[in-house]
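Enquirer: Let me begin by handing over the structure; questions about it come next.
The values are calculated or read from the model by the stated rules, or taken from the named source; none is laboratory data. The model shown is predicted, which means the values in this text are computed figures rather than measured ones. Cβ sites come from the backbone with ideal geometry, for glycine too, and all protein chains shown count toward neighbours. What goes into the accessible areas is simple: the full protein's heavy atoms, side chains included, and nothing from ligands, DNA or RNA. Shrake-Rupley method; radii C 1.70, N 1.55, O 1.52, S 1.80 Å.
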Amino acid sequence: DFRTTGKTIEFEFKTCDVRNYDADIINCYSGDIGFKMTAQMAMLKSEQSEISTQYKEDEHIRVSFVVEKRTANRLLLIYLNGIMCGAAQYPADDDFSQANPVEISIGSNDCTIDLYNIRVYNNDLTRYQIVDNWIADTQNVVLRAERYARNNVFDAYGNIVIENLPKNLPYMILKGDSLPQYKGNKLTIDGKFVDPVNSDKSFEFTGAQIDVQGTSSSGYARKNYKLKLKNGLIQNGIVKNAYQMRDDSIAANVFCFKADVASSEGCNNVELVKQYN
């Protein structure tokens, strides 16, 4: 039971020639506790908690399970290629130990697995360390350099360094004492939007009102925000009352920043946009 020290388990692999998508290709499961992976899914389960994610066959992927120590936030985390894809909090009295411990078994008659890397730590790695491992284990030297450059955007304290962002990436800076924490928690902020490629689309604003948007999603850790440009904006040195996002858009002074995955009616806001694009 690794609640005292934390735990990190990482596998880098590829599945192909799948005849049974439910067949276990990597397994360390006993008494309904442990972890296992199939051609399309990875799952970690304790006595009271469970976390899983999906992927697809014929792709080189890296799956990372992280269990925080109970003196931290007691989080179960799962990453795909260094990107967090799931999180859950386990109870303080949970248990990850198996009554009859088993070793890690690899392989299946119903699926081919190419296994590139295994890492197991008696510690809970940070999200920065997970990304660093993903980069460091990249076998193609050119690709490793590209991944390093793309992810080298933080300083020693975890703050984003704007100068290190991709040169074609638009970004927005919000300046205020804090962001709203619940619907109706209306705050006043300043800020600016910068588009490095289309500089004429950049603008600055002061005295804007920001609030949490959405009811069912307002309790999520990553929230939606509604921004009202009550004092207008300055674009290309010109004071305007509203902002036109695209040439064929209607200018507006209220914008919503969507970050949640699902809304109350069951629509996948962000995920559907990704599919559409």
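Enquirer: Taking Val66 and the conditions (1) in contact with a Lys or Arg (Cβ under 9 Å, 6 or more places away or on another chain); (2) without any contact (Cβ under 8 Å) to a residue 40 or more places away in the chain; (3) not polar (S, T, N, Q), which numbered condition does it fall short on, given that it satisfies the others?
Expert: (2)
Enquirer: Now for a separate question. Give me the residue from region 1-28 that is open to solvent by less than 50 Å² (accessible area, probe 1.4 Å) and of a type in the set (Ser, Thr, Tyr) and, out of that set, nearest to Ser52 (Cα to Cα).
Expert: Residue satisfying both the conditions and the ranking: Thr8.
Enquirer: Taking Ile113 as the residue in question, decide whether it is open to solvent by 30 Å² or more (accessible area, probe 1.4 Å), more than 30 Å from Leu174 (Cβ to Cβ) and aliphatic (A, V, I, L, M).
Expert: The answer is yes for Ile113.
Enquirer: Would you list the strands (runs of 3 or more DSSP E) that sit entirely within region 145-236 and hold 1 or more residues that are open to solvent by 100 Å² or more (accessible area, probe 1.4 Å)?
Expert: Of the strands (runs of 3 or more DSSP E) lying wholly inside region 145-236, those with at least 1 residues that are open to solvent by 100 Å² or more (accessible area, probe 1.4 Å) span 171-175, 187-194, 203-213.
Enquirer: Which members of region 8-45 meet the condition of being charged (D, E, K, R), under 21 Å from the mean Cα position of the chain (by Cα) and over 17 Å from Asn117 (Cα atoms)?
Expert: The answer is Lys45, and nothing else.
Enquirer: Within region 38-56, can one find any residue that is of a type in the set (Asp, Glu), open to solvent by 60 Å² or more (accessible area, probe 1.4 Å) and touching a residue at least 24 places away in the same chain (Cβ under 8 Å)?
Expert: Let us first name the residues in region 38-56 that are of a type in the set (Asp, Glu), namely 47, 50.
Applying the additional criterion that residues be open to solvent by 60 Å² or more (accessible area, probe 1.4 Å) yields 47, 50.
If we keep only those that are touching a residue at least 24 places away in the same chain (Cβ under 8 Å) as well, we get 47, 50.
Scanning region 38-56, I find at least one residue that is of a type in the set (Asp, Glu), open to solvent by 60 Å² or more (accessible area, probe 1.4 Å) and touching a residue at least 24 places away in the same chain (Cβ under 8 Å), so the answer is yes.
Enquirer: When both residues are 6+ apart or on different chains and their Cβ atoms are under 7 Å apart, which pairs have a first residue that lies in region 178-193 and is farther than 28 Å from Asn236 by Cβ, and a second that is modelled with pLDDT under 95 and open to solvent by 50 Å² or more (accessible area, probe 1.4 Å)?
Expert: Close Cβ pairs satisfying both conditions: Lys183/Thr215.
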